Amino acid sequence: MGGVSLEGDLAVPSGAHGIVVFAHGSGSGRQSPRNQFVAQVLQRAGLATMLLDLLTMDEEAIDVQSMALRFDIDLLAQRLTGTVDWLSANSDTRELRIGLFGASTGAAAALVTAGRRPDLARALVSRGGRPDLAADALASVRAPTLLIVGGNDLEVLRLNRAAYARMTVERQLVVVPGATHLFEEPGTLGDVARMAADWFLAHLDATAAPP
């Protein structure tokens, strides 16, 4: 993708209802226990998943020191868009509708990608995301979007409310009471995973009744 090889874990359950690509957030990756947990819940719901590292190992080492690349939304979106294109052409996944799951800065990259590929990105979920960093791309998003924010993550909640107001697509903002940015409180990440699974199944499953 753009001359860069990325590491990813693709899981396609038999009879999958769609596929969800994970755009990880600040300082996170495909091996994060939180991302793995959400992916497993989606897989049990009958959704394929693609857990992807949007930075190379060398770039991650640089980012640990500078924290700059995790905020390079254009770079992350370029690589996420390349992944969506690849999935749409791959023989194992090309028949599956594509959803995007973004966390933190990865949510901004997911929104930019959704704006660039409105014919491919069919649904989007943001967990504790920074949709404000998608800037003008918010207006071009056509994928139904679920924004999930912790009730105690006050600044991110404010930013999500502002981004929600700028969007014109079908969208929903859900506040999880008592949760902080990483949803580390007991039961809160499970709530996120279940809401994400329901959203993706409603919008990706071609056999489901319209929501």
Filtered residues of segment 95-124 (kept if among the aliphatic types (A, V, I, L, M) and either closer than 19 Å to GLU155 by Cα or part of a helix (DSSP H, G or I) (or both)): ALA103, ALA107, ALA108, ALA109, ALA110, LEU111, VAL112, ALA114
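How many residues does segment 83-108 contain that are among the aliphatic types (A, V, I, L, M), farther than 14 Å from LEU147 by Cα and crowded, with 19+ Cβ neighbours inside 10 Å?
Residues of segment 83-108 among the aliphatic types (A, V, I, L, M): 84, 87, 89, 96, 98, 100, 103, 107-108.
Remaining after also requiring farther than 14 Å from LEU147 by Cα: 84, 87, 89, 96, 98.
After this cut, where a residue has to be crowded, with 19+ Cβ neighbours inside 10 Å as well, the list is 84, 87, 96, 98.
Number satisfying all stated conditions: 4.
Being farther than 24 Å from ASN152 by Cα and at pLDDT below 95 is the filter here, so list the residues in segment 172-211 that pass it.
ASP205, ALA206, THR207, ALA208, ALA209, PRO210, PRO211 - these are the residues of segment 172-211 that are farther than 24 Å from ASN152 by Cα and at pLDDT below 95.
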Some residue of segment 150-165 being in contact (Cβ under 8 Å) with a residue 12 or more places away in the chain, more than 24 Å from GLY82 (Cβ to Cβ) and within 15 Å of the chain's Cα centre (by Cα): yes
Tally of residues being in a loop (DSSP other than H, G, I, E, B) and in contact with an Asp or Glu (Cβ under 9 Å, 6 or more places away or on another chain) across segment 151-181: 5
Qualifying positions in segment 182-208 - assigned to a helix (DSSP H, G or I) and not small (Gly, Ala, Ser): THR188, LEU189, ASP191, VAL192, ARG194, MET195, ASP198, TRP199, PHE200, LEU201, HIS203, LEU204
Candidate set from segment 37-82 (those that are hydroxyl-bearing (Ser, Thr, Tyr) and surrounded by fewer than 21 Cβ atoms within 10 Å (Cβ to Cβ)); member that is modelled with the highest pLDDT: THR56
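The values are calculated or read from the model by the stated rules, or taken from the named source; none is laboratory data. Quick caveat: nothing in here was measured; it's all calculated off a predicted structure. Cβ atoms come from the backbone with ideal geometry, glycine included; neighbour counts cover every protein chain shown.
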